[in-house]
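Engineer: Let me begin by handing over the structure; questions about it come next.
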Amino acid sequence: MKRSLLILIFPVILMSSCGLIKKTASPSSEYENYNEDLDDSRVIYPDLEEQVAKAETTTKYEGDVETADADLEIALNNLKEANKAEMYWSGYTVLVYSGIDRDLAFKTRNDLFTFFPDFKTDMQYQQPRYLVKVGKFVNRIEALTYYHQLKENFPSSRIIQDRFLREGYVIPEPVTDGQQQN
């Protein structure tokens, strides 16, 4: 009995509460006289034709270009000297084989010598795996030509980043305590 009474009262309360909620909308007549001036906050760009005319009238000095070239030459020489001081350089190589099977690594290297005798092949052992690499390239685009040629005979080859010992790098002699200058 109580349950049926609650079932009847609940919808009545629910329906009556919905009638209490009224949406209050402002009439549009309230905003008829609204006006906002945005001229102060807008960005004004100069006319393009005026800018072109100004650019054509200004003269350029040839001395500025020569000065810039000399500055660039000095900066490039400084960069070259700084790079010579580093022992390694970063680049790309084509990795033909990577695995733990020593015999397969030597077979891959021998196949490379057979199919591509002009390619410089490098075999390394980094415990516990053997690596067979081809080439030392400054950027990835240079490595792509070798990669496409190798991909036909060695489908597992891929281009990887690597660090190479700089050719002609002389390891500086360590300074001992007796040789230090004050």
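Engineer: Of the residues in region 1-36, how many are part of a loop (DSSP other than H, G, I, E, B), hydroxyl-bearing (Ser, Thr, Tyr) and at pLDDT below 80?
Structural biologist: Counting residues in region 1-36 that are part of a loop (DSSP other than H, G, I, E, B), hydroxyl-bearing (Ser, Thr, Tyr) and at pLDDT below 80 gives 2.
Engineer: List the number of the failed condition for Trp89; all other conditions in (1) surrounded by 14 or more Cβ atoms within 10 Å (Cβ to Cβ); (2) within 25 Å of the chain's Cα centre (by Cα); (3) at pLDDT 90 or above hold.
Structural biologist: (3)
Engineer: A further question on this structure: Which residues, taken from region 102-112, are open to solvent by 70 Å² or more (accessible area, probe 1.4 Å) and more than 13 Å from Val134 (Cα to Cα)?
Structural biologist: Across region 102-112, the qualifying residues are Arg102, Asp103, Leu104, Lys107.
Engineer: Only one of (1) under 27 Å from the mean Cα position of the chain (by Cα); (2) surrounded by 10 or more Cβ atoms within 10 Å (Cβ to Cβ) fails for Glu66. Which number is that?
Structural biologist: Among (1) under 27 Å from the mean Cα position of the chain (by Cα); (2) surrounded by 10 or more Cβ atoms within 10 Å (Cβ to Cβ), the lone unmet condition for Glu66 is (1).
Engineer: Among the strands (runs of 3 or more DSSP E) confined wholly to region 37-145, which include 3 or more residues that are of a type in the set (Phe, Trp, Tyr) and within 27 Å of Ile171 (Cβ to Cβ)? Before you say what the answer is, go through the steps one by one.
Structural biologist: On the way: elements: 88-99, 121-126, 129-137.
Here the list reads 88-99.
Engineer: Taking the stated definitions as given, is Arg109 modelled with pLDDT of 90 or more, more than 18 Å from Ser90 (Cα to Cα) and of a type in the set (Lys, Arg)? Let's see the steps before the verdict.
Structural biologist: Numbers: modelled with pLDDT of 90 or more: yes; more than 18 Å from Ser90 (Cα to Cα): yes; of a type in the set (Lys, Arg): yes.
Criteria met by Arg109.
Engineer: Restricting attention to region 120-173, which residues are of a type in the set (Gly, Ala, Ser) and either touching a helix residue (DSSP H, G or I) at 6+ places or on another chain (Cβ under 6 Å) or modelled with pLDDT of 90 or more (or both)?
Structural biologist: Gly135, Ala143, Ser156, Ser157
The values are calculated or read from the model by the stated rules, or taken from the named source; none is laboratory data. Owing to the predicted nature of the structure, the values given are computational and were not obtained by experimental measurement. All Cβ positions, glycine included, derive from the backbone under ideal geometry; neighbour counts span all protein chains shown. We work out accessible area using only protein heavy atoms, side chains counted, and drop any ligands, DNA or RNA first. Shrake-Rupley method; radii C 1.70, N 1.55, O 1.52, S 1.80 Å.
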